[in-house]
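Here's the structure, in structure tokens; my notes come after.
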Amino acid sequence: MKVFVTGGTGAVGSHAVPALVGDAHTVTALARTPEKAAALTEQGAEAVSVSIFDRRALAEAFAGHDAVVNLATAIPPMTQFMRAKAWRDNDRIRTEGSAAIVDAAIEAGVDRVLQESVSMLYPDRGAEWVDEDVPADPFPIARGNLAAEANADRFSDAGRTGVVLRFGWFYGPGARHSEQILALARRHVGVVMGPAAGYVSSIHMADAGAAVAAALHAPAGTFNVVDDEPLTKRDYARALAAAAGVPMWLRLPGRAALLFGDRVTSLTRSLRVSNARFRAATGWAPRYPSARDGWVATATALDRRPH
Ligand SMILES: NC(=O)c1ccc[n+]([C@@H]2O[C@H](COP(=O)([O-])OP(=O)(O)OC[C@H]3O[C@@H](n4cnc5c(N)ncnc54)[C@H](OP(=O)(O)O)[C@@H]3O)[C@@H](O)[C@H]2O)c1
């Protein structure tokens with residue numbers, strides 16, 4: 001297939017582009033700087049510069065492509081999560097950006113749109129498994145993601161194939177937040193967002209990249225893209241400590257995070273998310289079924305990374 005990727009230089013994009021090229025797809029990817037363009041070319045993609053808010057230019061760029069993969073995001077640094085202003089860029093990308101991309105894809109005759117979203121949209125379900133039939137919870141920070149999902153559904157309503165990928169917590173090389181959490185674990189601090197018995201569903205970046213390539217063969221719809229074994233937040237912190245190779249002395253902030261309210265609710269709620277539907281629809285399987293293995297591989301990869 002001829003595939004156009006936005007966000008191809010980011011955490012999931014930098015794994016998705018090589019996965020798509022590796023599956024013999026012809027990849028065009030949006031680059032915002034000459035350095036990023038060079039990195040994409042290095043990965044075997046053709047780099048182009050276009051604004052994700054410019055429908056006309058996007059339609060021209062998408063011409064001749066079979067699929068568009070929208071992985072553009074601007075999530076603020078964790079230290080900025082509490083500031084409403086810090087989410088503005090991401091909200092605009094999620095709402096106006098995804099609308100422009102879908103309109104342009106319809107105009108350009110593209111058959112398929114893949115839209116990045118998150119599984120942290122679901123309501124807190126304790127230890128109950130969560131599948132795609134559970135209605136999303138439209139809390140304030142979720143609105144951008146829900147708008148992007150609605151645009152992908154609009155693409156399907158136009159008789160094309162819109163696929164929404166609800167990723168779990170990203171971790172692995174290139175996922176900045178996760179690298180910061182591992183650095184804290186190396187200082188004996190285990191990050192636990194909310195009650196320790198609550199569940200977190202995560203996905204290693206390599207598996208997220210492979211899932212994007214697999215989703216080119218998925219039917220229209222919404223799919224959870226997480227690993228096979230959501231862990232309690234207590235066990236997740238233990239997996240981090242084991243990967244860091246040092247004992248965990250402190251678990252923070254724990255229940256106190258609930259005091260931060262809506263701004264961090266996507267992180268504090270308990271989400272035991274099932275990937276069964278995506279596995280069945282695409283045959284995809286995670287190389288790291290559990291964060292226990294994935295974090296060890298991540299720590300090793302980061303240690304090997306040239307400084
Ligand atoms: N599911 C999850 O858990 C999840 C989801 C997203 C992010 N995160 C975490 O949050 C950290 C920061 O995230 P991030 O959102 O900055 O993502 P990122 O992974 O660093 O990359 C975002 C991608 O979107 C592109 N982009 C941003 N603004 C754009 C715009 N206005 N027009 C076109 N493309 C644009 C970026 O291009 P440039 O390379 O040119 O900047 C980049 O390719 C990540 O490293 C990861 O740890 C987690």
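The values are calculated or read from the model by the stated rules, or taken from the named source; none is laboratory data. Everything numeric here is computed off the predicted structure, so don't read it as measured data. Note that each Cβ is placed from the backbone with ideal geometry, even for glycine, and that neighbours are counted across all protein chains shown. These accessible areas exclude ligands, DNA and RNA; they are computed on the full protein's heavy atoms, side chains included. Shrake-Rupley method; radii C 1.70, N 1.55, O 1.52, S 1.80 Å.
So if each residue of separation counts as 0.36 nm, and I subtract the Cα-Cα distance between Glu107 and Asp262, what length gain in nm does that give?
Extending this stretch completely gives an extra 52.1 nm.
How high is the relative contact order of region 78-150, in percent, with contacts defined as C-alpha pairs under 8 Å that are six or more residues apart?
Averaging sequence separation for qualifying contacts and normalising by length gives 40 percent for region 78-150.
What percent does the relative contact order of region 2-304 come to when contacts are Cα pairs within less than 8 Å and at least six residues apart?
19
Kindly state, to the nearest 0.05, the FRET efficiency for Glu60 paired with Ala38, given R0 = 30 Å and r defined as their beta-carbon distance.
Plugging the Cβ-Cβ distance into 1/(1 + (r/R0)^6) gives 0.85.
Provide the percentage of antiparallel DSSP beta bridges, counting only those with both residues in the chain; round to the nearest 5.
DSSP beta bridges in the chain are roughly 5 percent antiparallel.
Take every Cα pair under 8 Å in region 98-249 that's 6+ residues apart, average their separations, divide by the length, and report that relative contact order as a whole percent.
Relative contact order, region 98-249: 27 percent.
Where in region 66-96 does the amide nitrogen come within less than 19 Å of the point 7 Å from the Cα of Arg176, taken along Cα to Cβ?
Only 71-94 pass the distance filter.
Under 16 Å from the Cα of Lys85, which aspartates and glutamates turn up, not counting those fewer than eight places away in the same chain?
The qualifying aspartates and glutamates are Asp262.
Just add up the charged neighbours of Arg251: K/R +1, D/E -1, any other residue whose Cβ is under 11 Å from the Cβ of Arg251.
Local net charge: +4.
Got a number for carbon plus sulfur as a percent of the chain's accessible area, 1.4 Å probe?
The C+S portion of the solvent-accessible surface of the chain is 53 percent.
Quick check on region 73-140: take the gyration tensor over C-alpha atoms, sort the square-rooted eigenvalues as a ≥ b ≥ c, and tell me if it's rounded (a/c under 1.5), prolate or oblate.
oblate
Hey, how much of the P(r) for region 2-304 falls beyond 29 Å, as a percent of Cα pairs?
In whole percent, the long-distance tail amounts to 31.
At 1.4 Å probe size, with every protein chain present, just tell me what the per residue accessible area of region 2-304 comes to in Å².
Each residue of region 2-304 exposes 41 Å² on average to a 1.4 Å probe.
On a 1.4 Å probe surface of the protein chains, which of Lys85, Lys233 comes out largest in accessible area, and what is the full order?
Correct descending sequence by accessible area is Lys85, Lys233.
Could you please report the charge total around Arg287, scoring K, R as +1 and D, E as -1 over all other residues with beta-carbon less than 14 angstrom from its beta-carbon?
Value of the local net charge: -3.
Rounded to the nearest 500 deg cm²/dmol, what is the calculated helix-only ellipticity per residue at 222 nm for the chain, with -39500 (n - 2.57) per DSSP H run of length n ≥ 4?
Value at 222 nm, helices only: -10500 deg cm²/dmol.
If we sort 35-43, 216-224 on the protection proxy, mean other Cβ atoms within 10 Å, highest first, what's the order?
The most tightly packed comes first, giving 216-224, 35-43.
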